[in-house]
Amino acid sequence: MKNGKNPTLKQKKAIHAAGFEPNDWLIFKAEAHRLHIVHRTSGRTAIILP
């Protein structure tokens, strides 16, 4: 599993807007126009556009 960090409030809003539950996801890479997220338990990854 990737080493994720807890999302900030702005990132949580972007995760929620993309249809994911923010408390279940961690940020492992934050770019200017993309967030790379990983699920806390399953390890599934996703890329969202904030």
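The values are calculated or read from the model by the stated rules, or taken from the named source; none is laboratory data. Treat the numbers as computed from the prediction; the structure is a model and nothing was measured. FYI the Cβ positions are ideal-geometry reconstructions off the backbone, even for glycines, and counts take in every protein chain you see.
Scan the range 15-26 for residues that are within 10 Å of residue 48 (Cβ to Cβ) and in contact with a strand residue (DSSP E or B) (Cβ under 6 Å, 6 or more places away or on another chain) and the total you get is 3. Can you confirm whether the range 3-10 contains a residue that is modelled with pLDDT under 95 and not polar (S, T, N, Q)? Yes - at least one qualifying residue is present in the range 3-10. Restricting attention to the range 1-22, which residues are part of a helix (DSSP H, G or I) and surrounded by fewer than 12 Cβ atoms within 10 Å (Cβ to Cβ)? Passing the criteria: 9, 10.
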